[in-house]
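For reference, the structure is listed below as structure tokens.
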Amino acid sequence: MNVELYGKIKDHDFHMVKLALDTIDRDHTGALASNVHSLTDTDWESFLDKTKNEFRGEMWGFKCGSMTFVDGQLIGNGDDFMRWAKEKFGLIDFRPPAFYEGLSNQAYKSYLENPDRDVVYVDLVHDKSPMGRMIFELYRDIVPDTVGNFVKLLTAKSEKKYIGSLLHRIVKSGWVQGGDIVNGSGGNSDSAAGGKFPDENFAIKHDRAGIIGMANDGPHTNGSQFYITFGPAPWMDHTYVAFGCLIEGQHILRDLENIETVNERPKRPLTVHDCGLLKDAL
């Protein structure tokens, strides 16, 4: 039997099913061919939306953090799979929920500590009201100079910093833009080292909502301004250097797109309240 398991990295149900698959494989060698998909919150939401469209009625109320298929047939969430495993293989699990919470916390911690990537957070405030926290994974292994510049501005305590800066532009069905650390007008873009820096590469594609990249005024004019896409934008692929993606906070991205604007500028102040490396905030 072929098993496909999808789930959020930090969901305890996902780790319960994952361990159950390992147990079945150990006790019934060759009975299952398992493929496990560990997903970020954002990727899970995208997967869930796609799957709901495929399965329709039986999926609309699905709220859990894992989903299992056997030979293409939907089994369901973690509890559904454990009932299936008990019926097919006599599997009974006596471990307490706290055990799986510990597994999920450790897995998420290991994900955040990937030495090839940086995970950062951005807390936004709109008209003095908190919007919440967006978490991004930055591809230091692919665009190290671009990520390095962004992280320096994100963690800086000097005058050149993202904290307190405005997100000054919202393009419906396009992107939200910020990073003018001079006066928030959108007319300035100064790198952490001063001036501009060149386009590093265009390896990361704008294939989904939540791609973060450097705004520019033409080739090799990267500074401090950045954008976050509201959806796929393939026309950006060879013009703007993308350097990361949103992994948590997709609902905030949707809220951003619906903020009231005048000439693409938020009608009320939209501000970076806090930001930095996530590992320093945990």
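What follows draws every value from the coordinates through simple rules; no lab data is involved. Just so you know, these numbers come straight off a predicted model, no measurement behind them. Virtual Cβ from ideal backbone geometry, glycine too; neighbours counted across all protein chains shown.
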Item to complete: Could you grab the relative contact order for the range 121-250? Cα pairs under 8 Å, six or more apart, rounded to a whole percent.
Response: 27 percent
Worksheet item: What chymotrypsin sites (Phe, Trp or Tyr not before Pro) does the range 1-101 have in DSSP loop regions with at most 15 other beta carbons within 10 Å?
Response: W60, F62, F94
Fill in: Length-normalised contact order for the chain - Cα pairs under 8 Å, 6+ apart - percent
19 percent
Worksheet item: Which cross-chain or sequence-distant (5 or more) residues have an amide H under 5 Å from the amide H of G210, H modelled 1.01 Å from N in plane?
Response: T229, F230, G231
Practice prompt. Quick one: net charge around E137, please, counting Lys, Arg +1 and Asp, Glu -1 for every other residue with C-beta under 13 Å from its C-beta.
Written response: -3
Practice prompt. With a/c under 1.5 counting as rounded, go ahead and sort the chain into rounded, prolate or oblate using the C-alpha gyration tensor (a ≥ b ≥ c being the square roots of the eigenvalues; past the cut-off, prolate if a/b is larger than b/c, else oblate).
Written response: prolate
Worksheet item: Quick one: Karplus J couplings for the range 202-217, per residue in order, coefficients 6.51, -1.76, 1.60, θ = phi - 60°, nearest Hz, x for Gly and Pro?
Response: 10, 6, 8, 8, 8, 9, 6, 5, x, 6, 10, x, 8, 6, 8, 10
Discussion item. Would the range 1-105 count as rounded, prolate or oblate if I go by the C-alpha gyration tensor, calling it rounded below 1.5 in a/c and otherwise prolate when a/b exceeds b/c, oblate otherwise?
Written reply: oblate
Worksheet item: Antiparallel DSSP bridges in the chain: what percent, to the nearest 5?
Response: 85 percent
Item to complete: Would you count, across the range 1-135, every pair of lysines whose alpha carbons are under 24 angstrom apart, provided the pair is eight or more residues apart or spans two chains?
Response: 21
Discussion item. Ignoring everything except DSSP H segments at least 4 long, calculate the 222 nm mean residue ellipticity for the chain; use -39,500 (n - 2.57) per segment, divide by total residues, nearest 500.
Written reply: -9000 deg cm²/dmol
Discussion item. Excluding same-chain pairs closer than 8 in sequence, count the lysine pairs in the range 146-282 whose Cα atoms lie under 24 Å apart.
Written reply: 15
Worksheet, complete the sentence: Counting only DSSP beta bridges fully inside the range 1-147, the antiparallel percentage to nearest 5 is 70 percent
Fill in: Peptides ranked, highest mean first, by Cβ atoms within 10 Å: ranges 226-238, 193-205
226-238, 193-205
